[in-house]
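Below: the structure, in structure tokens.
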Amino acid sequence: MKKQCAVIGLGRFGSAVALTLAEGNFDILAIDRDEAKVKAVADSVTLAVQIDATDEKALREAGVQNMDVAVVSIGENIEASILVVMLLKELGIKEIIAKAVNDLHGKVLSHIGVTRVVYPERDMAQRVAHSLIKPAFLEQIELSPEYSIVELPAPAFLWDKSIKDTKLRTEYGISIIAIKRKSVVNKEERESWNINPSPDDVIKKDDILVVLGANTDIERLG
Ligand code: ATP
């Protein structure tokens, strides 16, 4: 059965979440109080309704209580965001993901029992900044201020060495969690992923590595 997800607040973040999940085979109940925002996603989601999400009766009539997950993407109106989360908890929604616009907002959301708080603007700002600081890094996901997962082209000193021989783990404290390799099959370029590679797998020129470790250690690779 398809997973049922309510997306409440259809600004740039909420509508992108709704459209991506709809493509990913979710049943989406999209909610906004602004008619134009509702219309913009109506053709792509299961049901789109124009209601004020702080109105418990309206939420029930829309069927929010039947959802497995809810994404609350109301940012600027912090009071509404908190009220909506509390109503969703009362309606028994187990998994609630909410967007926060600042640390205090995020703290309150965590305190009232949101499963996961996301800070889209801050996270994207950090990614853009990281890409300028370290252009060699193709992608960087910060796990904490000290640790990251980074995607980067394999540095030359690792080419033609097995993972075991690179001593990345013992000398750099870094784990390779995936290797992306391009190959040409029937004149067509293909990409294959080796997830969780074994110690004997060999790193080649033009490989892309996904590594996990302390930022200071990973920076020695870039
Ligand atoms: P984004 O950065 O994602 O584009 P935004 O900053 O433009 O968002 P927000 O204030 O975060 O706007 O609101 C996102 C959406 O939530 C808006 O489309 C707004 O109409 C909707 N919204 C705000 N309050 C409510 C509410 N009480 N009920 C339903 N929808 C609401």
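The values are calculated or read from the model by the stated rules, or taken from the named source; none is laboratory data. Predicted model only: the values in this text are computed from it and were never measured. Methodologically, a virtual Cβ is constructed for each residue, glycine included, from the backbone with ideal geometry; neighbour enumeration extends over all protein chains shown. Protein only, heavy atoms only, side chains kept; ligands, DNA and RNA dropped before computing areas. Shrake-Rupley method; radii C 1.70, N 1.55, O 1.52, S 1.80 Å.
Some points to look at:
- Test: residue in segment 76-95 that is over 23 Å from Arg122 (Cβ atoms), among the polar types (S, T, N, Q) and free of Cβ contacts under 8 Å to residues at least 60 places away in the same chain: no
- Filter result for Val101 (touching a helix residue (DSSP H, G or I) at 6+ places or on another chain (Cβ under 8 Å), open to solvent by 50 Å² or more (accessible area, probe 1.4 Å) and farther than 24 Å from Ile195 by Cβ): yes
- Qualifying position, being more than 14 Å from the ligand (Cβ to nearest atom), open to solvent by 30 Å² or more (accessible area, probe 1.4 Å), of a type in the set (A, V, I, L, M) and modelled with pLDDT of 95 or more, among Val45, Val108, Val114, Val128: Val108
- Residue count for segment 57-90 satisfying the condition of being within 11 Å of the ligand (Cβ to nearest atom), among the aliphatic types (A, V, I, L, M), open to solvent by less than 10 Å² (accessible area, probe 1.4 Å) and more than 13 Å from Val114 (Cβ to Cβ): 1.
- Residue, least open to solvent (accessible area, probe 1.4 Å), within segment 6-42, restricted to residues that are more than 8 Å from the ligand (Cβ to nearest atom) and acidic (Asp, Glu): Asp27
- Candidates Ile51, Ile93, filtered to the one that is more than 19 Å from Ile112 (Cβ to Cβ) and not acidic (Asp, Glu): Ile51
- Pairing residues of segment 148-160 that are under 18 Å from Pro199 (Cα atoms) with residues that are open to solvent by 40 Å² or more (accessible area, probe 1.4 Å) and among the basic types (Lys, Arg), at Cβ distances under 8 Å and at least 6 apart in sequence or on separate chains, gives Ala154/Lys204; Ala154/Lys205; Trp159/Lys204; Trp159/Lys205; Asp160/Lys204; Asp160/Lys205.
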